[in-house]
1. How big is the dipole moment of the chain about its Cα centre under a simple scheme where the beta carbon of each Lys and Arg is +1, that of each Asp and Glu is -1, and everything else is neutral? Debye, nearest 20, please.
2. Working from the alpha-carbon coordinates of the stretch 181-227, get Rg over Rh, Rh being the Kirkwood radius.
3. Which residue fluctuates most in the GNM of the chain (Cα springs below 10 Å): Lys208, Lys281, Lys103?
4. Over the stretch 30-83, with every protein chain in place, what whole percent of the accessible area is carbon and sulfur at 1.4 Å, could you tell me?
5. With the full set of protein chains in place, find how many percent of the accessible area of the stretch 90-389 is carbon and sulfur; take the probe as 1.4 Å.
6. Once each part is reduced to its C-alpha centroid, what is the distance from the stretch 135-159 to the stretch 277-305 in angstrom?
7. For the chain, find the longest principal axis of its Cα atoms and tell me its angle to the long axis of helix 30-39, 0 to 90°, nearest 10.
8. Between the helical axis of 302-311 and the dominant principal axis of the chain, each derived from Cα atoms, what acute angle in degrees is found, rounded to the nearest 10?
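The values are calculated or read from the model by the stated rules, or taken from the named source; none is laboratory data. Please read these numbers as outputs of a predicted model, since none were measured by experiment. All Cβ positions, glycine included, derive from the backbone under ideal geometry; neighbour counts span all protein chains shown. In case anyone asks, the SASA skips ligands and DNA or RNA and just uses the protein heavy atoms, side chains included. Shrake-Rupley method; radii C 1.70, N 1.55, O 1.52, S 1.80 Å.
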Amino acid sequence: MTATAPITQDMLTIPRKAPEGLPNLVGMTRDAMREALIAAGTPEKQAKMRVGQIWQWIYHWGVRDFAQMTNLAKDYRAMLAEKFVISVPEVVTRQVSEDGTRKYLVRIAGGHEVEIVYIPEEDRGTLCVSSQVGCTLTCSFCHTGTQKLVRNLTAGEIIGQVMVARDDLDEWPIPGAPKNETRLLSNIVLMGMGEPLYNFENVRDAMKIAMDPHGIQLSRRRITLSTSGVVPEISRTAEEIGCQLAISFHATTDEVRDKLVPINKRWNIAELVEALRSYPKVSNSERITFEYVMLDGVNDSDDDARRLIKLIDGIPAKINLIPFNEWPGAPYKRSSNNRIRRFADIIYKAGYASPIRTPRGEDIMAACGQLKSETERGRKTKAQIAAETGL
Ligand code: SAH
Ligand code: SF4
């Protein structure tokens, strides 16, 4: 390495793909980055400080070019450019819905594709992030669950989704400009493709990066992880991530939940509810969100609403009713508006908030449960789903 080694990356051609073999700094924990810098020749005594500097460039300023890291010596920058990359997923397509929702299809290593959805609201902007390519689970109402090919996303690919969205929203701070108090991307929900608790470590590391006070700086209260009910990982989520928790509950008897959310056969409603009881205290969060998809004639009766109230008794909770979003070949229908309102009313009268989630971005297939990569489409047939779920 010499002081004149070429620095090949520049902001106009933001590197989107990691050249073979070079480690990507995006997604490394602070500890991992420190180790990597030491292995690349950084004196041990300086390593922590260098991590702090590089971290701030990448996650606070959104810089992708080592040459711009002006508080580092020139040859140190050249060394970094030779040994590392700063790489985020490549945006393949970007669609904007009539309601302002944006959907990005991004490509990651191996040519896989995942979807990210940005949902602007009056008081916030929420990014719905994917944790896996596809999903190993086969919830019978979920489009993602029909996609066969699955791999876990790396921490870099998960936090990279947030960085891609900030690029598109043009939301990296400008040096010297006053701090923007209202953020366009103010919340993250792990509600895209995949089961986040089947990719625990990578999701945890990525969310730690999102929360780091010297970078993207999102409060843990603005991050919500949604799980279908991977019971053994719930206490770890409280202890090691501490974010808000949402549970894809969707049914009030094991018989129906076994069919809708097949992971219920492994950990049933009683075990799930038990695991949830200690979550708010351990994570110091206010309440758990129970997601409940409204399927016509399947889980939407008055009795269901009453059973739901009984089941969650004693858990600080909010029940988020999700009108079913249809997708080609889906075996269900959305409950009528009257039915959803009546269900919401029963829950509300029992003292729980029961907001009905407005479907967003339906015209671009960006709504809950509609995500599925075009390239991996159609791998599982309706018959396969029926065989897997018994429906
Ligand atoms: N795998 C995780 C997170 C992703 S799904 C989980 O299951 O929790 C995000 C939410 O959308 C979940 O509550 C899921 O059950 C719901 N969902 C899936 N398909 C849907 C559909 N077609 N219509 C409405 N909601 C759906
Ligand atoms: Fe996977 Fe969640 Fe879809 Fe179930 S609802 S198949 S867990 S992404």
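1. In total the dipole reaches around 300 debye.
2. Working: Rg = 11.0 Å, Rh = 11.3 Å.
Computed over Cα atoms, the ratio is 0.98.
3. Comparing Lys208, Lys281, Lys103 in the GNM, the peak value goes to Lys281.
4. On the way: 1320 of 2590 Å².
Within the stretch 30-83, the accessible surface is 51 percent carbon and sulfur.
5. Values: 6100 of 12520 Å².
Carbon with sulfur: 49 percent of the solvent-accessible area.
6. Centre-to-centre (Cα) distance: 22 Å.
7. Value to nearest ten degrees: 30.
8. 60
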